[in-house]
Amino acid sequence: MSYIPRPNSGTLWPPENKTLDSQPDIKGNVMIEKSLLQALINKSEDPVKVSISCWKRKFKGMDCLYTIVSEPFKASEPYAKPKDPEVPDEDVPF
């Protein structure tokens, strides 16, 4: 059974037979849904920025990078760390 990535994800692998320094150190494929591609095309930016996240994984005993492709994250408001709730000492169970 061959590996089929989830939508908007893929896998990068080291090449099996790298013989030249000009060949890539890692390569692979990403399956992108048409809806994400259309959303990226409809942006007014040129070129369009795409976010790629990778995690080190092992698949069938081989090292690889699992990747996810998405639109870049844009925070709607500046991040504010939530305050820790004040808990009276008598409410702590230990």
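Tabulate in residue order the Karplus-calculated ³J(HN,Hα) for the range 26-39, using 6.51 cos²θ - 1.76 cosθ + 1.60 with θ = phi - 60°, rounded to whole Hz; enter x for Gly and Pro.
So the Karplus estimates, Gly and Pro as x, are 8, 8, x, 10, 10, 9, 10, 5, 4, 5, 5, 4, 5, 4 Hz.
5 Å is the cut-off here: which amide hydrogens, built 1.01 Å from N in the peptide plane, fall below it relative to THR11, excluding neighbours closer than 5 in sequence?
Long-range HN contacts for THR11: ASN29, THR67.
None of the figures in this text is laboratory data; all of them are computed from the coordinates on show. In this text, all values refer to a predicted model and were calculated from it rather than measured experimentally.
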